[in-house]
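Input: a single structure, listed below in structure tokens.
The values are calculated or read from the model by the stated rules, or taken from the named source; none is laboratory data. Bear in mind the structure is a predicted one, so any value in this text is a computation, not a measurement. Note that each Cβ is placed from the backbone with ideal geometry, even for glycine, and that neighbours are counted across all protein chains shown. The accessibility values were calculated without ligands, DNA or RNA, using every heavy atom of the protein model including side chains. Shrake-Rupley method; radii C 1.70, N 1.55, O 1.52, S 1.80 Å.
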Amino acid sequence: MYNKRNVELISNIDFTNQYLPQQSFEQVEFTNCTFTDISGTDFTDCSFIGCNLSNAIVANCKMFDVEFIDCKMIGVNFSDTKEFGFSVRFEKCMLDYTNFDNKKLNKSIFIDCKINGADFTQADLSKSKFTNCDLFGAIFLSTNLSGVDFTTSQNFSIDPASNNVKKAKFLSSDLAGLLTKFDIIIK
């Protein structure tokens with residue numbers, strides 16, 4: 001999935017005042033680029049490395065086997081992307097205040113990411129991996145978290161009564177994040 005061969009490279013371009021040169025990209029690596037509007041664009045088997053997509057418009061954008069590494073993506077509304085084939089991987093990304101509302105993200109990967117204030121309401125995160133992620137203020141409501149491993153992540157607050165947490169993994173030291181709504185003190 002993320003083993004790139006014969007990849008086209010696009011580097012150091014600021015797309016804030018210019019349009020992407022095409023509407024469909026396959027096996028392209030974008031490095032140190034800035035984007036404000038990628039709506040309607042299809043990305044298949046692409047990488048974004050060190051890019052800034054903060055507040056980028058992603059309406060009707062296709063993301064199939066797309067990885068983001070060391071990217072700044074504050075406030076991106078992934079709920080507006082095309083649903084069919086949506087598969088993404090995030091590593092060392094800043095995803096604060098992103099919106100994944102109603103998004104099918106099962107088996108997605110989040111590694112070493114800051115995901116503060118993100119909205120995962122009604123998202124399907126089943127069998128996804130959150131490795132060493134900071135989830136302070138992230139919203140989980142009617143979210144499918146079955147099979148998700150949170151054992152290396154921190155600062156989450158998840159209500160087991162309002163989310164599917166079947167077979168999700170947590171450290172015993174993180175149980176307070178599952179009992180927040182009860183306003184109890186755990187020592």
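Within the stretch 7-50, being open to solvent by 40 Å² or more (accessible area, probe 1.4 Å) and touching a Leu at 6+ places or on another chain (Cβ under 7 Å) holds for one residue alone: 29.
Residue by residue, here is whether (1) assigned to a strand (DSSP E or B); (2) charged (D, E, K, R) holds:
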site: 90; (1), (2): yes, no
site: 101; (1), (2): no, yes
site: 106; (1), (2): no, no
site: 110; (1), (2): yes, no
site: 130; (1), (2): yes, no
site: 136; (1), (2): no, no
site: 142; (1), (2): no, no
site: 147; (1), (2): no, no
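In the stretch 129-169, which residue that is over 20 Å from residue 87 (Cα atoms) and of a type in the set (Lys, Arg) is most open to solvent (accessible area, probe 1.4 Å)? If we take residues in the stretch 129-169 being over 20 Å from residue 87 (Cα atoms) and of a type in the set (Lys, Arg), then 167 is most open to solvent (accessible area, probe 1.4 Å). Of the residues in the stretch 67-82, none is more than 26 Å from residue 40 (Cα to Cα), open to solvent by less than 20 Å² (accessible area, probe 1.4 Å) and not aliphatic (A, V, I, L, M).
Considering the conditions (1) at pLDDT below 95; (2) among the acidic types (Asp, Glu); (3) closer than 17 Å to residue 79 by Cα, residue 149 is excluded by exactly one of them, (3). Answer with yes or no whether residue 54 is touching a strand residue (DSSP E or B) at 6+ places or on another chain (Cβ under 6 Å) and modelled with pLDDT of 95 or more. Here the answer is yes, as residue 54 does meet what is asked.
Look at (1) under 10 Å from the mean Cα position of the chain (by Cα); (2) within 22 Å of residue 147 (Cβ to Cβ) and you find that residue 99 fails only one, number (2). For the stretch 61-69, state whether one or more residues are in contact (Cβ under 8 Å) with a residue 60 or more places away in the chain and at negative phi. Yes, the stretch 61-69 contains at least one residue that is in contact (Cβ under 8 Å) with a residue 60 or more places away in the chain and at negative phi.
When residues in the stretch 141-157 are screened for being more than 16 Å from residue 108 (Cα to Cα), of a type in the set (A, V, I, L, M, F, W, C) and out of contact with any Gly (no Cβ under 6 Å at 6 or more places or on another chain), 1 of them pass.
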